[in-house]
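Undergrad: Right, I'll just put the structure down here and ask away after.
Each value in this text was obtained by applying a stated rule to the coordinates, not by laboratory testing. None of these values were measured; they are calculated from a predicted model. Cβ placement follows ideal geometry from the backbone for every residue including glycine, while neighbour counts extend to all protein chains displayed.
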Amino acid sequence: MSAPAEETQKYRDHEGPYFGNFGGRWMPESLVAALDEVERTFREAKADPAFIAEFQRLSRDYTGRPSLLTEVTRFAAEAGPARMFLKREDLNHTGSHKINNVLGQALLAQRMGKTRLIAETGAGQHGVATATAAALMGMECVVYMGSADTKRQALNVARMRLLGAEVVPVDHGAQTLKDAINEALRDWVASVENTHYLLGTVAGPHPFPEMVRWFHQIIGEEAREQILSMEGRLPDAVAACVGGGSNAMGLFHGFLDDPEVALYGFEAGGDGVETGRHASAITLGRSGVLHGARSFLMQDEDGQTVDSHSISAGLDYPSVGPEHAYLAETGRATYEPVTDAECMASFEMLCRTEGIIPAIESAHALAGAARLSRSWGEAGEGKIIIINLSGRGDKDVETAAEWFRLLPGQKNDPVAETDTAENGADGPSPAPETGVQG
Amino acid sequence: MSTTTAVDQRPATPASKTERAIEAARAQGRAAFVGYLPAGYPDKETSIAAAIELARNGADVIEIGVPYSDPVMDGPVIQQATTEVLARGFRLPEVFEIVEAVVEATDAAVLVMTYYNLIDRMGAEEFASRLAAAGGAGAITPDLIPDEAGEWIAATDRHGLDRVFLTAPSSSPERVEKIVAASRGFVYGVSVMGVTGARDQVSDAAERVVAAAKSAGAERVCVGLGVSTRSHVEEIGRYADGVIVGTALVTALRDGGPSAVATLTAELTGAGASR
């Protein structure tokens, strides 16, 4: 700790294993030694200038950092009164923010002498990033992916295979991200000697939430510097989508101790939280333990995990990183659901007004930010929102084409059967009732 | 029987049901046999009947596994069984009914084996209270480490329940000490780095796991994961206080019902006709 003079601990300085009541290590004993090794290696590496230099070199020369901060005037004008800037993680190599964490952990894996990387993936972005790092560093790579996701993200499966990774479809349970994590954990229990589990989000047992955040902090640090140099002031709000929550944690971290900057996380609202078909764990607000962390968790009365639902495979996770749970509980950040229909309206709007095709995950942040801008009314004039465009939408073109009925032979009708969704081109749909807010 | 040189402060007569069951086996010059079956598989009545067969054929301790949506320590056989149970609408209170029925019909110590979120959701106090009321001896918690177990330790103390933590080949001496100190009933020695499932050979790590736990002061260490044959049972019984079999029994129940469980248990325990 470098700030003993502070009367209270800064949000930025929080380390694991606990974030308030959340976090910890709810894990089989067999994996504790491996987690200890990861933590020890991480702490040593953070203090090693050679490691930092190598991570920075890769971030610059391989990923393409710093990523741009782009003002989107046409999108903002259609959304509401505020000005909007996008943090362009979509322009990173492999097409999303995921590469930041993957390169960092892959370097740690090398440092530990591991020769094999395993990962879970939902949308495929984390799997692609991990397969990429494995190719770059000459490591073996196995990616677990729910078989429902291998179908809706078939192109990313092919990308991972091109990169030399083995993709294992997981047929258990809901066949989505949580089941892929279960299977990766089962692999890791039996393979820890030579294998690093490259967890892709700020969830899981300590030290993953803290460590994954650390590798993504660059997002918020860059954004803060960029907006200060472009506008000479901090933004009024920053916004990001939240599944596990890694891109949001990376962006938020740069502004956690700037109380004048509001932090907004937008969860996948699916068909609407009131329908039960969603992935808004924080909004639901039930504490539980899953995959090694205590956090908010979608679960039934018995404690069985409830299947989540979202048009976005990357947000289709029934829990959330423990630091987000903490930020929600303390009120430092606000979390709200965004429905599939709202998300897709903003997806279309960014394509049409700015020539940028966002990942469907990131479109949740766009929709949430647009809602926020509108909610300010006239007071929003001149306000600034930074939105994390965490990934690009190439992988989602097929899903979007189906949603908007753009494929040959489809009628150009609104696909959504819910009454909230007009044709996306008609503009944003009304916000649903939101539940618990921080 | 103590293999440590440390002064043993514990009472000579074990307070817990599980400890008494293991000591009774020891008095007969053998390791205790611990059999696992999932609650409600393939249905409630059959699962009770199968657990009773376990006890009739030589099991000293019975583990009733609670079906859970995310069983990260379980291999394909147990996953498949518990997924089926959940799919037919299993609800948690059924576990307590099954425990009660098995306790009434047998002399075995009956533990539940459950992932922690099921305890957490009900509340550690409520779960412990209902388990004790059903006559359960305690619980094995495969994804709970002592570091996170404050509430569970307090609740099990209040209700006089055993709490079994796992120790692994990868556990450091400091961790083994913590695990042994937190456990009551027995310490569950994980024989191999992996998930549940029958294996051809018992890992040579198992004997080291038991020795490490004993040197940390454990009086009762039972070994599980991968144990599936009589020769495994005999081999492990030479150095451990109990032998845990799960997947092989679940396979028998799946393929041949309670009578197949009875046959396999008799074979594994070597009990044959009489106990």
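Undergrad: Would you mind counting up the charge near A:Glu260? Only other residues with Cβ under 10 Å from its Cβ, with Lys and Arg at +1 and Asp and Glu at -1.
TA: Taking every other residue near A:Glu260 into account, the sum is -1.
Undergrad: Can I ask one more? Mind putting a number on the dipole of chain B about its Cα centre? Charges go on the C-beta only, +1 for Lys and Arg and -1 for Asp and Glu, and I need it in Debye to the nearest 20.
TA: Computed charge dipole of chain B: roughly 440 debye.
Undergrad: Let me ask another. Which aspartates and glutamates have a Cα less than 14 Å from the Cα of B:Lys44, not counting those fewer than 8 places away in the same chain?
TA: Within the straight-line cut-off, B:Lys44 pairs with B:Glu84, B:Glu94, B:Glu97, B:Glu100.
Undergrad: Please order A:Glu336, B:Glu267 by the number of other Cβ within 10 Å, starting at the fewest.
TA: Working: A:Glu336 26, B:Glu267 17.
In order of increasing Cβ crowding within 10 Å: B:Glu267, A:Glu336.
Undergrad: Need one number: nm distance between label points at A:Thr115 and B:Ser259, each 7 Å from Cα along Cα→Cβ, rounded to one decimal.
TA: Spacing of the two 7 Å Cα→Cβ label points: 5.2 nm.
Undergrad: Reachable lysines from B:Lys214, Cα under 23 Å, same-chain residues fewer than 8 places away excluded?
TA: Correct list for B:Lys214: B:Lys17, B:Lys178.
Undergrad: For B:Thr46 paired with A:Leu162, estimate the spin-label separation in nm (one decimal), with each label point 7 Å from Cα along the Cα-to-Cβ line.
TA: 4.9 nm
Undergrad: Indicate, rounded to the nearest 5 percent, the antiparallel portion of the DSSP beta bridges found entirely in the protein assembly as shown.
TA: Numbers: 18 of 82 bridges.
The antiparallel fraction comes to roughly 20 percent.
Undergrad: Further question: Which length gain, in nm to one decimal place, applies between A:Ala50 and A:Thr353 when the Cα-Cα distance is subtracted from 0.36 nm times their residue separation?
TA: Details: separation 303, 0.36 × 303 = 109.08 nm, distance 4.37 nm.
Gain on extension, A:Ala50 to A:Thr353, equals 104.7 nm.
Undergrad: In deg cm²/dmol and to the nearest 500, what is the mean residue ellipticity at 222 nm of the protein assembly as shown if only DSSP H runs of at least 4 residues count, each as -39500 (n - 2.57), divided by the residue total?
TA: -13000 deg cm²/dmol
Undergrad: Work out which helices of chain A, taken as complete DSSP H runs, extend at least 27 Å along their axis over the Cα atoms and score a mean Kyte-Doolittle of -1.0 or more, then list them.
TA: Within chain A the helices that satisfy the rule are A:208-231.
Undergrad: In the range A:284-352, what GluC sites (Glu not before Pro) fall in a loop by DSSP, with at most 13 other Cβ atoms inside 10 Å?
TA: Those satisfying the criteria are A:Glu301.
Undergrad: If you average the sequence gap of Cα pairs under 8 Å that are 6 or more apart and divide by the length of the range B:226-266, what percent do you get for the contact order?
TA: 32 percent
Undergrad: Could you tell me which residue out of B:Gly242, B:Gly138, B:Thr156 lies farthest along the dipole of the range B:17-269 toward its positive end? Charges go on the beta carbon: Lys and Arg +1, Asp and Glu -1, centred on the Cα centre.
TA: So the residue we want is B:Gly242.
Undergrad: Treat the count of other C-beta atoms within 10 Å as a stand-in for reagent exposure and order A:Leu350, A:Leu163 from fewest to most.
TA: Working: A:Leu350 27, A:Leu163 20.
Ordered from fewest to most neighbouring Cβ atoms within 10 Å, A:Leu350, A:Leu163 come out as A:Leu163, A:Leu350.
Undergrad: Another one. For the pair A:Glu260/A:Ala77, report the inter-label distance in nm, with labels modelled 7 Å from Cα in the Cβ direction.
TA: 2.8 nm
Undergrad: Further question: Report for the range B:17-269 the percent antiparallel among DSSP-assigned beta bridges with both residues inside it, nearest 5.
TA: Antiparallel bridges: around 5 percent, rounded to the nearest 5.
Undergrad: Another question, then. Compute the length gained on full extension between A:Leu68 and A:Ala154: take 0.36 nm times their separation in residues and subtract their Cα-Cα distance, giving the result in nm to one decimal.
TA: Result for the pair: 28.1 nm of gain on full extension.
Undergrad: Here's a follow-up. Students often get this wrong, so check it: of A:Lys151/A:Lys395; A:Lys98/A:Lys178; A:Lys10/A:Lys178; A:Lys87/A:Lys178, which have C-alpha atoms separated by over 20 Å?
TA: Too far apart for the 20 Å limit: A:Lys10/A:Lys178; A:Lys87/A:Lys178.
Undergrad: Please give the residues of the range B:13-37, grouped as numeric ranges, whose backbone N is less than 11 Å from a label point set 7 Å along the Cα-to-Cβ vector of B:Asp107.
TA: Answer for the range B:13-37: B:21, B:24-25.
Undergrad: Most exposed first by the Cβ proxy, i.e. fewest other Cβ within 10 Å, how do A:Thr94, B:Thr46, B:Thr251 rank? Can you show the working numbers first?
TA: Working: A:Thr94 23, B:Thr46 16, B:Thr251 19.
Ranking A:Thr94, B:Thr46, B:Thr251 by Cβ neighbours within 10 Å, fewest first, gives B:Thr46, B:Thr251, A:Thr94.
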